[in-house]
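Enquirer: I'd like to ask you about the structure that follows.
Just so it is clear, none of the values below were taken in a lab; they were calculated from the coordinates. Owing to the predicted nature of the structure, the values given are computational and were not obtained by experimental measurement. Glycine gets a Cβ as well: all are built from the backbone with ideal geometry, and neighbour counts include every protein chain shown.
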Amino acid sequence: MTDWEMLRPYLPGEWITALQKVPRAGQDSVQEIRLRAGQPVTVSVPDGERYLCPGGLTALRQPGVFRCGADRLERCFMAFCEGSVYAHEWELRQGYIAVPGGIRVGVAGTAVTDGGAVRSVQNVTALCVRLPRHVAGCAAGLQGLVLPEGHPISTLLVGPPSSGKTTLLRDLAAGLAARHHRVAVVDERGELAGMGGLPGCDVLRGYPKAVGIRQAVRCLAPEVIVFDELGDEAEARAVAACAHAGVAVVASLHGHSRWELARQPLPRMLIQQRVFARWLFLAGRQSPGVWQGCYAPEEHGDGIRWTPVDFNGRDGSWRVRCPAPAPAHAVFAADRWGAAGPAAADDLYGPAYERVVAAVGAE
């Protein structure tokens, strides 16, 4: 169940109390909390938005729903910045604030630019508080896809926002490490390893993804690199260099369909260079964590041919739902036991084993 207490330092206590009144099934489905100046506080769930009220959530914009005045929005913004906007200036230039615990806060306001580049944000008008999810074992069904013959191959998870990409990547990284693969996680925004860390993984925190990928290849000798939200050409070039150096890459990409991606320059470049052997498509925000098709794309004439991947005897139309949340210590128990006995397994894969390589915000 969502731990609302982690938001108590940043949001008014009456809002936290109201969120705690939401039934457990509803709490597990909350994706975001949105604060807009002078508007009701809204909570995003898979089938739309709800209003926050003293009794929990309501679909009706009725008297009594909590509203976020401009002054309160400014106080929340400063709380998320821990009282120092300057300390988060690098993040704000990217449009967000990274908060301990894996929380990411999207920021809308007036951009301060210099030579066409965003230098800061002022007059904040909205905050989008994105809540992290840890569903232990949700990516267990992907192991055979990423490890078809026991060795990791490059795989790209494609889906729209809130479709479960980050949650799957987080669990997949932990699962690969539990199977004794050397995993480096480039965690630019602190979302992947923010909830208790990633046991057995080498985590590069705060690195711009293109820099972190190259750093991991040069210094950490990984078998596989995991990161979230492939977004620009510099990152794509770094991924291509990484893959061609013999290191598998498991990442995510915003997208809705293979036909849409085939018309975009960045995905076409990845396909032309054969960076990712598998492209896994997620259903969407109404069914987070559900994947519905896996393909191996290749250029063919003037277009892209998307060949369905036969996975465990299924064609490209299968869909699998995330299992119910399970205790983290119960997942991959057999692998941990087989590593070197139960006591040694805790030493190898316990939380203390995670090595935080760096925490920087340099350009």
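Enquirer: Given points 7 Å out from each Cα along the Cα-Cβ axis, report the residue 233 to residue 89 separation in nanometres with one decimal.
Expert: 2.9 nm
Enquirer: Something else about it: Ranked highest first by the average count of other Cβ atoms within 10 Å around their residues, in what order do 54-64, 148-158 fall?
Expert: 148-158, 54-64
Enquirer: Once you keep just the Cα pairs under 8 angstrom separated by 6 or more residues, what percentage relative contact order results for the range 4-130?
Expert: Dividing the mean separation by the residue count of the range 4-130 yields 21 percent.
Enquirer: Let me ask something additional. Shape verdict for the range 84-133, please, from the Cα gyration tensor: rounded (a/c under 1.5), prolate (a/b greater than b/c) or oblate.
Expert: Prolate, because a/c is 1.5 or more and a/b exceeds b/c.
Enquirer: Provide the convex hull volume over Cα atoms per residue for the range 4-130, in Å³.
Expert: Cα convex hull per residue, to the nearest whole number: 108 Å³.
Enquirer: A follow-up question, please. On average over all directions, what projected area in square nanometres does the range 17-89 have, based on the convex hull of its Cα atoms?
Expert: 5.7 nm²
Enquirer: What area, in nm² and to one decimal, does the C-alpha convex hull of the range 178-248 cast on average over all directions?
Expert: 4.4 nm²
Enquirer: Residue-wise, which Karplus ³J(HN,Hα) couplings in Hz belong to the range 76-81, taking 6.51 cos²θ - 1.76 cosθ + 1.60, θ = phi - 60°, and x for glycine or proline?
Expert: Couplings: 5, 4, 5, 5, 5, 7 Hz.
Enquirer: Note the direction-averaged projected area, equal to a quarter of the hull surface, for the Cα convex hull of the range 62-102, in nm².
Expert: Spelled out: convex hull of the Cα atoms, projected over all directions, averaged, 4.2 nm².
Enquirer: Given R₀ = 41 Å, FRET efficiency for residue 126-residue 149 by Cβ-Cβ distance, to 0.05?
Expert: 0.30
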